[in-house]
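Here is the structure we will look at.
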Amino acid sequence: MTAEQASEQRKSVTAECCFAIHFFVTVALLFAFSHAQADTNDSFPNQLQGSVSEQRYFYSSLYTKHYDPEPGHVNDQNMLGLEFEMTRNRLWGFAIFDNSFGQKSKYLYVGKKWHISESGRLYFKLTGGLLHGYEEPYEDKIPLNGLGIAPAIVPAIGYSYKNFFVEFAQLGLAAGMINVGRTF
């Protein structure tokens with residue numbers, strides 16, 4: 001193994017360790033978030049019961065459009081995600097995908113969903129979390145990507161019917177994405 005290969009391997013291991021640390025910190029914050037939102041009159045066992053997932057979603061990207069395409073932009077994100085909705089429409093989830101430049105990336109998030117129609121089928125969702133995977137030479141393409149992990153906020157509007165849903169997610173000012181999924 002050459003010195004350059006060893007250096008690349010160390011960078012890869014360091015990045016994965018950094019992501020794992022951020023993952024566990026985010027899960028801890030999620031746990032704290034789910035309990036901080038509980039009524040002050042609830043006992044601790046009731047708070048734990050309220051944090052159990054009431055609905056689970058599996059989703060994938062169907063179509064992505066960059067508004068100002070650059071050479072090298074990829075519009076096929078190959079995204080797969082899992083989302084868990086708890087009481088009071090709070091949610092958390094994670095997704096793996098190819099970013100705009102074809103690099104493997106991850107998004108770990110918490111959020112909230114608001115139903116905006118009487119039927120409850122039309123909804124607005126706002127998530128915020130940590131984004132990992134924008135590496136050289138594209139690490140400056142997203143703001144605050146200091147340690148290879150950047151904060152992200154993703155608003156989406158969706159429509160659900162029976163066990164299926166479709167969403168349009170706004171990805172900063174750069175792109176929009178259509179996702180489809182199923183509850184289970």
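The values are calculated or read from the model by the stated rules, or taken from the named source; none is laboratory data. This is a predicted model, so every value here is computed, not measured. Heads up, the Cβs are rebuilt from the backbone with ideal geometry, glycines too, and the neighbour counts pull from every protein chain shown.
Taking the range 76-87 as the range and being more than 18 Å from the chain's Cα centre (by Cα) and under 15 Å from Ala169 (Cβ atoms) as the test, no residue passes.
Taking the conditions (1) within 23 Å of Glu70 (Cβ to Cβ); (2) among the basic types (Lys, Arg); (3) modelled with pLDDT of 95 or more in turn, Lys141 satisfies each one other than (3).
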